[in-house]
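Heads up: the structure comes next, in structure tokens.
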Amino acid sequence: MPVPAPRQGDTLAAGETRATATPAAPATGSGRPAVPAPGAAPDSRPGPSRPPEAPGPLTLLVIEDDPEEAFSVPDRLDTGGRRVRLRTARNLTEAERLLTDDVDCILLDLALDVRHAGEELDTLRQVLRLAPGHAVLVLTRQADAERGAEAVRVGAQDYLFRDELDGRVLGRAIRYAVERKRADAAQRQLTESRLRGQENRRLERGLLPKPLLEGSELRFAARYRPGRSRALLGGDFYDTVRTPDGTVHAMIGDVCGHGPDEAALGVLLRIAWRSLTLAGLCGDQLLSTLQKVLENERPSEEIFATLCTVDIAPDGRRAGLCLAGHPAPLVARDGQPTRLLPAESGGPALGVLTRARWPRRQVELGGVWSLMMYTDGLIEGRVGEGRRRLGQEGMTEVINALRGRGLDGEELLDAAMAEVRELNGGELTDDVAVLLLDRDRERGRP
């Protein structure tokens, strides 16, 4: 079949031709196209739906340098109805010039490798380096079948025998090579994405806190749920450590926003808090130092963080409370309903005022108690279909109801998270962190 001339406005690069198959026109029984008779009424029946637009042409780059052994691409390529544009290059320099983004497949004659390469399949390796995203077919003689198989092992999609080359074989090979290359690329991207996801999850799990409470009689429980989809960390953070003097220090905080930058800043503040606490800092001195860390590490001056810190005396009966723009904790003393700790003496969020102060308030806990610290993601969920938020008072009622059912510890946190989601009518959109410390018996009592 002759190669058709380019249509008006359809240009080809140097060395480029086009092979195509001409579709047959619809015919009547006489073999002529069906044409309505003059004056005939148009067919009122609904016609067939418009066929989908045909896919664009395939572009094949042929690399062949020996005029005596040059071959012509066969007619009637089996490419599923897609036109094939041909480009020819005599060497890698020409191939690099003709290798544009619209090239779908490269056909390399391995005889070129024998004539010019000092190393077996070196030319093929150069082509693969030159065009890592393109499908590559190699052409060899039937006597060199093992060499063709080795070319596939090196990276080609398939090999063809020069002696058996025809339109059907070449057309199908081009189609299969292009689709196989696309499938390989998609599989590689999927694998890389899974590996990155696994690495991120391992990293995030490693950044979640491990409470240091060895030697303490307090029970610890926590729940954490980031607002970002498919994430393990958000802008919320918490930690608990016991210092050598027997004091238990607990902290919970919230960096504004819940993206990856906020998560990284939250991890940094948590680690800084643990380091400063173990170094002996407490109260206003600790929070002032944390504010300096935040001011130096935040990506913009608009970023701030709220914080709540509690230091529980070695005897477990008293605690010091500092609030930096954060919701006050809930406390349930022995035989009494759950209540909010006072928040009147709290200070501003970290990063808002340069010379702020955060007073430390003394709180009596008693012999048996439960202390719950949380971020605002837990209380900002909606109640029903209206615009009303749960709020601190609503959260207090929820916890009282759950404790009335005899729940505490891990069960209490699970039930509280489930209840808040149910009231909200679905998952909460903000990060949520909850920390629970219990002292279920007074020292010296059974």
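The values are calculated or read from the model by the stated rules, or taken from the named source; none is laboratory data. Quick caveat: nothing in here was measured; it's all calculated off a predicted structure. Neighbour counts are summed over all protein chains in view; Cβ atoms, including those assigned to glycine, are modelled from backbone coordinates with ideal geometry.
Annotations
- Residue satisfying all of: in the range 295-324; buried (at least 23 other Cβ atoms within 10 Å of the Cβ), within 38 Å of the chain's Cα centre (by Cα) and not β-branched (Val, Ile, Thr); nearest to Pro348 (Cα to Cα) among these: Ala324
- Residue in the range 242-251 that is touching a His at 6+ places or on another chain (Cβ under 7 Å) and at pLDDT 95 or above present: yes
Conditions (1) modelled with pLDDT under 95; (2) surrounded by fewer than 20 Cβ atoms within 10 Å (Cβ to Cβ); (3) more than 15 Å from Leu435 (Cα to Cα), marked per residue:
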{"position": "Val352", "(1), (2), (3)": "no, yes, yes"}
{"position": "Arg355", "(1), (2), (3)": "yes, yes, yes"}
{"position": "Gly381", "(1), (2), (3)": "yes, no, yes"}
{"position": "Arg388", "(1), (2), (3)": "yes, yes, yes"}
{"position": "Met395", "(1), (2), (3)": "no, no, no"}
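- Test result for Arg405, touching a residue at least 60 places away in the same chain (Cβ under 8 Å) and exposed (fewer than 14 other Cβ atoms within 10 Å of the Cβ): no
- Qualifying residue in the range 364-378 (condition: among the hydroxyl-bearing types (Ser, Thr, Tyr), closer than 22 Å to Tyr224 by Cβ and either in contact with a His (Cβ under 6 Å, 6 or more places away or on another chain) or not in a loop (DSSP other than H, G, I, E, B) (or both)): yes
- Residue within the range 367-378 that is within 21 Å of Cys308 (Cα to Cα), modelled with pLDDT under 95, in contact with a helix residue (DSSP H, G or I) (Cβ under 7 Å, 6 or more places away or on another chain) and crowded, with 17+ Cβ neighbours inside 10 Å present: yes
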